[in-house]
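Single-structure report; data block below.
The values are calculated or read from the model by the stated rules, or taken from the named source; none is laboratory data. All values derive from a computational prediction rather than experimental measurement. Here the Cβ positions follow ideal geometry from the backbone for every residue, glycine too, while neighbour counts run over all protein chains shown.
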Amino acid sequence: MNSFTEFGLAEPILRSLAEERYVTPTPIQAQTIPLVLARCDVVGIAQTGTGKTAAFALPILNHLSANRARPQPKSCRILVLSPTRELSSQILDGFRTYGRHLRINTALAIGGVPIGRQKRALAGGVDVLVATPGRLLDLLQDGAIRLDRIETFVLDEADRMLDMGFIHDIRKIIARLPAQRQTLMFSATMPKVIADLAGQMLKDPARVAVTPVASTAERIAQRVIHVDRGSKTAALTELLRTEPIDRVLVFTRTKQGADKVVRGLIKAGIAAEAIHGNKSQNQRERALASFRAGRVRTLIATDIAARGIDVDGISHVINFDLPNIPESYVHRIGRTARAGAEGFAISLCSQDERVFLRDIEKLIRMAIPSSGLAAPSNQAQQPTHHQNRHRQQPHKNRGKHHSGGKWHGRGKRHLQDRNRSDNGNQTSRKNDPQSERQIVSQGDFAGVAFMQPR
């Protein structure tokens, strides 16, 4: 399909697309829209930023346009479940944008805002409800919503739901759905638990995969900087001062860590704001609005917001903490290099995080180039020589020489056996006998190649 006009969508929907200057569908849209129009169940595998929302929203709106019916009180015809408040809001905005010329009722059910207003919005019934799992269960428990009238159920970012511990909530919600329904599931990755859930939820689903599972965008230049944990804030400050940054999204592993990074940057004279689960919805919306408008160019976030931040012009993603779930790395760096732009991803890796780095490289099937260590700006800057860098590299790069950002030569890669506990956390590893000193960041990607297959 080369044009949205070829799908046979209703004229009011095509008019909205023309107003938004949408002409050519993305690959996920071209493959998914005909299947959803045919009322098939669908499993879609695609990274963030590929146009998934329109892929399911457009055919759903077409179904509502062709099958007019008044929603029953305290019910909805379409239910879309997503993991975060920000993503839920964006999905609802998509339905309202594409369906602006249709008479449809929509509602949003998310935490962080008064539940009474949401109950009133659902009292007369709605066509489309977009919700997060926790708030939807609250509404079900209070008798404010019933799910037995649902015609289409969409589970978006299914693997992120798993990462955030929502799998049991999802099963409770699925148990309330009618047996006769259309089910659409979208996920950036397909771990076994999600594959098993898809087998239980969907009936003879069509599978759409537009990118390899857990792949990273080809237009993202990535590098890792090895640094002592105690020097990370100084290293981040140096990067923010030397990198040609338009907007940067910095990820931490914890909410407290995000707030601590913000305090450190503000103390260094760099404006920054944080967005995470402990912030109220109003605080999160204000921080995101400032970031989107360019009033603040540095936003610190936890993984809970990784897929809910859809902002154009993010030139850099910095992993202040490497994620302990390798798939989260893919979601994080997917915030840059959107809409055809190039992007940059930098990871600050401390000694205790090297196990996470190796898991990430194994998942993405690539070796992430290392460009040296970062140092506080108040230290004397010493020139960095290639052979010095080699001694600082993790042992996977020993026996190799570096040229233009690519590692050449065979060089053995030794992975120590490590045990995993039931909850997926890695046990501690032996410390590297080599001490790591702090070297000045190079400040640009001139010598770093885009990711090369291992």
Mind checking which pairs have a first residue in the stretch 154-173 that is at pLDDT 85 or above and a second that is among the aromatic types (Phe, Trp, Tyr) and crowded, with 20+ Cβ neighbours inside 10 Å, Cβ under 7 Å, 6 or more apart or different chains? VAL154/PHE56; ASP156/PHE186; GLU157/PHE186; ALA158/PHE186
Looking at MET190, MET161, which one is under 24 Å from the mean Cα position of the chain (by Cα), under 25 Å from GLN29 (Cα atoms), surrounded by fewer than 20 Cβ atoms within 10 Å (Cβ to Cβ) and of a type in the set (A, V, I, L, M, F, W, C)? MET190
The listed residue being closer than 19 Å to PRO323 by Cβ and in contact with an Asp or Glu (Cβ under 8 Å, 6 or more places away or on another chain), out of PHE251, PHE291: PHE251
From LEU129, LEU79, which residue is modelled with pLDDT of 95 or more, aliphatic (A, V, I, L, M), crowded, with 23+ Cβ neighbours inside 10 Å and touching a Cys at 6+ places or on another chain (Cβ under 9 Å)? LEU129
Inspect all residues belonging to the stretch 144-157 and state whether any of them is in a loop (DSSP other than H, G, I, E, B), within 17 Å of LEU79 (Cβ to Cβ) and within 19 Å of the chain's Cα centre (by Cα). yes
Flag if THR252 is buried (at least 20 other Cβ atoms within 10 Å of the Cβ) and hydroxyl-bearing (Ser, Thr, Tyr): yes
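Yes/no per residue for (1) at pLDDT below 95; (2) under 19 Å from ILE91 (Cα atoms):
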{"site": "MET1", "(1), (2)": "yes, no"}
{"site": "LEU9", "(1), (2)": "no, no"}
{"site": "LEU14", "(1), (2)": "no, yes"}
{"site": "ARG21", "(1), (2)": "yes, yes"}
{"site": "PRO25", "(1), (2)": "yes, yes"}
{"site": "ILE28", "(1), (2)": "yes, yes"}
{"site": "PRO34", "(1), (2)": "no, no"}
{"site": "GLN47", "(1), (2)": "yes, yes"}
{"site": "PHE56", "(1), (2)": "no, yes"}
Filtering strands (runs of 3 or more DSSP E) wholly in the stretch 212-331 for at least 3 residues that are of a type in the set (A, V, I, L, M, F, W, C) gives 220-226, 248-251, 298-301
All but one of (1) buried (at least 17 other Cβ atoms within 10 Å of the Cβ); (2) on the phi > 0 side of the Ramachandran plot hold for PRO25; state the number of the condition that does not hold. (2)
